[in-house]
Each structure stands twice: as C-alpha cells, then as structure tokens.
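Working notes for the structure below.
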Amino acid sequence: MKNLILLGPPGAGKGTQARTLCETFGFVQLSTGDMLREAKEDKSELGTKVANIMAKGELVTDDIVIGLIEKKLASEKNNKGFIFDGFPRTLAQADALGNLLKKINYNLDCVIELYVDDEKLVQRIIGRFSCSACGELYHKITKPPKKPRICDTCGSEDAFNYRQDDNENSLKIRLLAYYRDTSPLIGYYHALNKLRKVNGLGSVNEIQDNIRNIIL
Ligand code: ADP
Ligand code: ZN
C-alpha cells in the first residue's frame with residue numbers, strides 16, 4: 001500500500017494525474033476540493049457555509065477540511081493506497097494528516113510536488129471545464145471534446161461544468177493562498193525526506209511517467 005500527496009498550485013495538474021493513477025493502479029483519490037464542491041451541490045449546511053469562501057478563492061478553515069478527510073479515511077477502505085489531492089494545504093493540515101495516518105497505522109510514502117510557473121497556470125485554468133457525469137477534465141484550447149457538447153469518455157450530452165472559482169480574480173487569490181499558506185509544506189516534507197519534485201510542464205503522459213517512476 002502506498003499513500004501519496006500531490007502538492008502544487010491550482011492548475012498544476014494534480015487532479016488530472018490523480019485520476020489516471022487511480023484508474024491504472026486502484027488508488028483512491030481524496031480531493032478536499034471535490035468533497036467541498038459536492039457538499040455545495042447537495043446544499044448541505046457545510047456547503048452553504050463554504051460556498052462564498054471557495055468562490056472568492058480563499059481557503060476553507062482547517063477544522064472543516066481535516067474533518068472531511070478524517071471521515072473519508074475511516075470509511076474508504078482500500079489496499080492500494082490514497083492519493084491526497086489539494087490536501088494538506090496548510091502546516092496545521094499537514095500535522096493533522098500525520099496524526100490521522102499514524103492513528104490508523106498508515107504510512108505516508110511520498111509527496112510529489114508538481115511545479116509550473118504562474119503564467120502557465122493562468123492559461124490552464126481559464127478555459128478549463130469538466131464532465132459533471134464522469135469527472136473527465138477538458139480545456140477549451142488544449143483539450144476540447146471531440147464532438148462539441150458531448151463527453152468523450154461517457155457520452156453525456158450538455159453535462160459540462162465550469163467551476164465558479166476558475167476566473168482571473170479568484171485565481172489570483174488562490175495563487176496567493178498557495179504561496180502564503182501551502183508552499184511552506186515543500187520545506188516541511190523536504191525535512192521529512194518525503195519530497196520529490198516533478199516538472200508539471202509537458203504532456204499529461206510524460207508527467208504521469210515521471211510520477212510512476214517515483215512511486216512504483
Ligand atoms: P485548485 O487546487 O484548482 O484551486 P481545489 O479543487 O483543490 O482547486 O480547491 C478549490 C477550493 O476549495 C480552494 O480554493 C479552497 O477554497 C477550497 N479547499 C480545497 N481544499 C482545501 C484545503 N485543504 N484547505 C482549505 N481549503 C480548501
Ligand atoms: Zn463524462
């Protein structure tokens with residue numbers, strides 16, 4: 001069993017890489033962003049509480065996301081391992097994850113930092129969308145669906161979904177939050193000898209190969 005963290009700014013490709021790793025190797029992806037968006041869709045109390053924060057691009061409080069991860073770790077059993085995507089995002093979250101894993105006797109095997117420069121991140125994020133039925137990720141310019149309005153993967157029609165926070169304003173705030181609150185985790189995991197760096201520029205397959213070389 002391998003447990004990994006994918007670390008990197010918004011648009012670095014964490015979600016794309018996590019999806020492929022899960023499909024190929026049976027890992028379970030734990031994305032706090034997806035969990036929070038689900039809570040928003042369900043119109044649950046939590047969802048309403050975090051909707052504004054997310055739309056602005058600010059971070060949701062540590063106790064909320066730590067609570068979400070704790071619940072998932074308790075309910076999602078698998079023997080291949082977990083890929084943490086978008087979590088931890090603060091030092092407090094990293095400490096909490098360490099404690100949660102220790103409690104259930106899981107090891108954190110490695111932290112993969114996907115690095116990409118800011119200009120590229122903006123291009124990637126402005127124009128991206130996904131299929132609400134199967135989660136497949138698309139981009140207006142770099143990865144449009146083969147037939148307009150139809151998902152290549154599951155065939156759903158008119159199910160494409162644009163994230164509310166994928167606009168230039170909120171992206172600026174998300175990038176700031178990354179450099180201010182999340183990038184200290186690079187040093188944190190480096191000190192624990194868990195950090196591996198992967199260039200997030202390049203084709204999805206190249207990056208996937210580089211990640212596989214590290215974790216397999
Ligand atoms: P991205 O990495 O592209 O910004 P995510 O889907 O990971 O997207 O997160 C979207 C939003 O959800 C964040 O901007 C933030 O408001 C909230 N969020 C997700 N994960 C966390 C977390 N671990 N801590 C705090 N807020 C989070
Ligand atoms: Zn689909």
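Averaged per residue, what accessible surface does segment 168-216 expose to a 1.4 Å probe, in Å²?
Heavy-atom accessible area per residue stands at 61 Å².
For segment 15-110, which semi-axes, largest first and in whole Å, follow from the square roots of 5 times the eigenvalues of its Cα gyration tensor?
23, 16, 12
Quick one: pull the percent of accessible area on segment 64-216 belonging to carbon and sulfur, 1.4 Å probe, ligands and nucleic acids left out.
Ligands and nucleic acids excluded, carbon and sulfur give 51 percent.
Out of segment 1-108, which trypsin sites (Lys or Arg not before Pro) are coil in DSSP terms and have no more than 14 other C-beta atoms within 10 Å?
On the way: sites: K2, K14, R19, R37, K40, K43, K49, K56, K71, K72, K77, K80, R89, K102, K103; in loops: K2, K43, K77, K80, R89.
Answer by residue number: K43, K77, K80.
Counting Lys +1, Arg +1, Asp -1, Glu -1, what net charge surrounds D165 among other residues with beta carbon under 12 Å of its beta carbon?
Summing Lys and Arg as +1 and Asp and Glu as -1 gives +4.
Please compute the Kirkwood hydrodynamic radius of the chain from all pairs of different C-alpha atoms, in Å with one decimal. Numbers along the way, then the final one.
Working: mean 1/r = 0.0561 Å⁻¹.
Over the chain, the inverse of the mean reciprocal pair distance is 17.8 Å.
Using the Kirkwood formula over every pair of different C-alpha atoms, what hydrodynamic radius in Å results for segment 106-200?
15.6 Å
Just to confirm my numbers, what's the Cα centroid distance between segment 194-216 and segment 114-160 in Å?
21 Å
Rolling a 1.4 angstrom probe over the protein heavy atoms, how many square angstrom per residue are accessible across segment 1-122? Write out the running numbers ahead of the final one.
Working: 5760 Å² over 122 residues.
Ligands and nucleic acids excluded, the figure is 47 Å² per residue.
Pairs to check: K71/K102; K40/K103; K2/K194; K77/K103. Give those whose C-alpha atoms are more than 19 Å from each other in this structure.
Violating the 19 Å Cα-Cα cut-off are K40/K103.
Find out how many positive minus negative residues lie around L101, taking Lys and Arg as positive, Asp and Glu as negative, among other residues whose Cβ is under 13 Å from that of L101.
For residues surrounding L101, the net value is +2.
The values are calculated or read from the model by the stated rules, or taken from the named source; none is laboratory data. All values reported here derive from a predicted model rather than from experimental measurement. Positions of Cβ are backbone-derived with ideal geometry, glycine not excepted, and every protein chain shown enters the neighbour counts. We work out accessible area using only protein heavy atoms, side chains counted, and drop any ligands, DNA or RNA first. Shrake-Rupley method; radii C 1.70, N 1.55, O 1.52, S 1.80 Å.
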